[in-house]
1. Please label the shape of segment 118-170 as rounded, prolate or oblate, based on the square roots a ≥ b ≥ c of the eigenvalues of the alpha-carbon gyration tensor (a/c under 1.5 means rounded; beyond that, a/b larger than b/c means prolate, else oblate).
2. I'm a student and want to see the number: the projected area of the Cα convex hull of segment 23-134, averaged over all directions, in nm².
3. Could you compute the net charge surrounding Glu292? Neighbours are other residues with a C-beta less than 10 Å from the C-beta of Glu292; K and R count +1, D and E count -1.
4. Write out the trypsin sites (Lys or Arg not before Pro) in segment 150-228 meeting two conditions: DSSP loop, and at most 13 other Cβ atoms within 10 Å of their Cβ.
5. For the chain, what is the convex hull volume of its Cα atoms per residue in Å³?
6. Over segment 43-132, average the accessible area per residue using a 1.4 Å probe and give it in Å², no decimals.
7. To the nearest 10 square angstrom, how much accessible area does Ile181 have with a 1.4 angstrom probe?
8. Kindly sort Arg33, Arg117 by accessible area of their heavy atoms, largest first, with the probe set to 1.4 Å.
Amino acid sequence: MLLIFTRPVYSQVNTELLKKHIVLLASDKMKGRGTGSNEVKEAAKYIEENFKDYALEPKGEKGYRQSFTAKVSRVVVADSIRKADNIIGFIDNNALYTIIIGAHYDHLGQGLQGGSRDSLGVGQIHNGADDNASGVAGLLELARHYSSNNIKEKFNFLFIAFGAEELGLLGSKYFTEHPTIPIEDMHWMLNMDMIGRYNPANGLAVIGYGTSSKFETIFEGLTSEIQYFTSNDGNGGSDQTSFYKKNVPVLFFHTGGHEDYHKPGDDPDKINYEALKAIIELEIKVIDLSMEQPKMDFKWTN
């Protein structure tokens, strides 16, 4: 009798935890998590505490932290030079290669650093529930999953919460110029930015499909509760671009723009939590299938 053992496609993604992360990070108390603010420092501490709870190994330059200087250049402000941090945790499976999973945790604060799309809303809190508390919630849930699934995976994992993305992808640019693991050891990079406002009419965008020939095999026949479509280009307005420019294959998960993008109305009660859960389940399928591939090849898409 032949017994065939298969791993579960995913463990139960915890919707209540996703909501907890987003409600906390996008509360008025966090005042929009503007780069350099006391509130973005609280967000960084929260992410770091979760990494510790999941027993991720610190992989910054000082513990979990990789500090850098960010400059506000879109508008003239008195405190244009600000301290920022990437928060970095590692699951060491003693593998040759590592999968990078990232999301930025900063937002626009009260719109005074630039970037607000509501001229009447400048001075109001821009909570950034979708942008990008939703991506951070996904980052933390993937960290929880892969640190607790009782499987020694074929690849290591590096989880990065990027700072100062809203000022021009500064955190991911800094990391890729000062990587805490060698660039050549990176299998591929998954980025989550604005994955909380799924609209069935538009679907989920999976950007970067053309950056490795292996993605065609990974996505062949892949099903999900949600509608998704793939796009080849590795460039785009989020942190995967920094890795793409270093010849690392990338995928960027994104549910698209909406009327509250970069406005004070981007609040937690507008997040589609069930769809967010389904997106993370899809990401786990993709990650698991990518671990059945050898080191991913890289392709330029333009």
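1. Taking the square roots of the gyration eigenvalues as a ≥ b ≥ c, segment 118-170 is prolate.
2. 8.0 nm²
3. Counting the neighbours of Glu292, the net charge comes to +1.
4. Here the trypsin sites (Lys or Arg not before Pro) that fit, given the DSSP loop and packing criteria, are Lys152.
5. For the chain, the hull spanned by Cα atoms encloses 133 Å³ per residue.
6. 44 Å²
7. 10 Å²
8. Largest accessible area first, the list is Arg117, Arg33.
The values are calculated or read from the model by the stated rules, or taken from the named source; none is laboratory data. Since the structure is predicted, the reported quantities are computational estimates derived from the model, not experimental observations. Positions of Cβ are generated from backbone atoms using ideal geometry, with glycine treated the same way; all protein chains shown enter the neighbour counts. Just so you know, the surface numbers come from the protein's heavy atoms only, side chains and all, with ligands and any DNA or RNA stripped out. Shrake-Rupley method; radii C 1.70, N 1.55, O 1.52, S 1.80 Å.
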